[in-house]
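Here is the structure we will look at.
The values are calculated or read from the model by the stated rules, or taken from the named source; none is laboratory data. In this text the structure is predicted, and so the values were computed from the model without any measurement. Here the Cβ positions follow ideal geometry from the backbone for every residue, glycine too, while neighbour counts run over all protein chains shown.
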Amino acid sequence: MKTRRDFLSKGLMAAGGIVLSPTLLAQANSEVVSKQLDLPSLKGRKVLFTYGGWDGHEPKKFRDFMLPWLKDEGATVEAQDNLSPYTDVDLMKEMDLVIQIFTMSQITNEQEKGLLEAVKNGTGMAGWHGGMCDAFRSNVAYQYMTGGQWVAHPGGVIDYSVNVINKKDPISSGLKDFKMTSEQYFMHVDPNVKVLATTTFNGSNDFWIDGCVMPVAWKKMFGKGRIFYTSLGHNLDHVTSVPEALALTQRGIKWASASKYLAAEKWVSPAYDKD
Ligand SMILES: [Zn+2]
């Protein structure tokens, strides 16, 4: 573990063995972020990072990338490779934010209850891809909290575009549309979430979804807790190689960490026309 830590402090391994130093990543991000953003700081925040589930989504790689960043931002992080912290009422009360990467897998009723109670009381939750919105497929109360559930990624890893549709929200403000080579998530989404970015499917894999516009990133509330999700992140390097994708994720994490300190945002948005 020490060797791994030492390695991490020097540089982060990206796709194909390219080493991206944290400095280079920060520079890439600062080019993306052209103006001062109205986002809360992670300084002093208490974060619970749970990782596990299906290994194809690289929970340990994400842990090794996210933890140093969270600490650099001033957060205190507790990382656990299981879901038992969710049943620790005192611990959960203290947490400002839960970041979870736990694809598929299973959650006990007691763990689910503990997580949802904490979020209702103001602990935020942030996550990406299947680690948050393809976790615990049979737990509808959990999905009620997250705001969406993965159902398909036609064609697997493909080239697709992401459109940043909300130019005002601090999470997506200043970000240009961008391209991904990754899984394009088709999701069942709560129509009330505040959508920040979308993607449009073509019919090359499933002809009947040609033209479907699908949320890629959203924010919402669950009780007093702030929820942020992005579907980007099948592999770590899919996100770290696209500065806009990484910025979206990191900004969402910052926003979600502040439920206990900043006012709730209006999030319900009637999505359907009456005629
Ligand atoms: Zn995936």
| request: State which residue pairs qualify: first residue over 14 Å from Q250 (Cα atoms) and inside the range 41-63, second residue within 15 Å of the ligand (Cβ to nearest atom) and of a type in the set (V, I, T) in any location, beta carbons under 6 Å apart, and separation of 6 or more residues or different chains. | output: Y51/I101; G53/T103; W54/T103; H57/T103; P59/I101
| task | Give the range 178-196 a look and list any residue that's among the hydroxyl-bearing types (S, T, Y) and touching an Asp or Glu at 6+ places or on another chain (Cβ under 6 Å), or say none. | result | T181
| query | Somewhere in the range 110-127, is a residue without any contact (Cβ under 8 Å) to a residue 24 or more places away in the chain, more than 16 Å from the ligand (Cβ to nearest atom), among the basic types (K, R) and under 23 Å from A263 (Cβ atoms)? | reply | no
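Here's the yes/no breakdown for (1) at pLDDT below 95; (2) closer than 23 Å to Y142 by Cα; (3) surrounded by fewer than 19 Cβ atoms within 10 Å (Cβ to Cβ); (4) in contact with a Cys (Cβ under 6 Å, 6 or more places away or on another chain):
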position: I18; (1), (2), (3), (4): yes, no, yes, no
position: A26; (1), (2), (3), (4): yes, no, yes, no
position: K35; (1), (2), (3), (4): yes, no, yes, no
position: F49; (1), (2), (3), (4): no, yes, no, no
position: D90; (1), (2), (3), (4): no, yes, yes, no
position: K93; (1), (2), (3), (4): no, yes, yes, no
| field | Candidate set: the range 152-196, residues that are among the basic types (K, R) and not in a strand (DSSP E or B); chosen: the one nearest to the ligand (Cβ to nearest atom) | value | K176
| request: Tell me which residues, restricted to the range 225-270, are free of Cβ contacts under 8 Å to residues at least 24 places away in the same chain and among the aliphatic types (A, V, I, L, M). | output: A263
| field | Subset tally (residues that are of a type in the set (S, T, N, Q) and surrounded by 17 or more Cβ atoms within 10 Å (Cβ to Cβ)) for the range 106-146 | value | 5
| said: Restricting to the range 128-137, name every residue that is near the ligand (Cβ under 10 Å from one of its atoms) and without any contact (Cβ under 8 Å) to a residue 60 or more places away in the chain. | reply: D134
| Out of all the residues in the range 234-265, which are part of a loop (DSSP other than H, G, I, E, B), away from the ligand (no atom under 16 Å from the Cβ), of a type outside the set (S, T, Y) and crowded, with 19+ Cβ neighbours inside 10 Å? | A258
| request: Being among the acidic types (D, E), in contact with a Leu (Cβ under 7 Å, 6 or more places away or on another chain) and either crowded, with 19+ Cβ neighbours inside 10 Å or at pLDDT 95 or above (or both) narrows it down to one of D64, D72, D81, so name that one. | output: D64
| task | Could you tell me whether the range 202-213 includes any residue that is touching a residue at least 24 places away in the same chain (Cβ under 8 Å) and within 19 Å of C133 (Cα to Cα)? | result | no
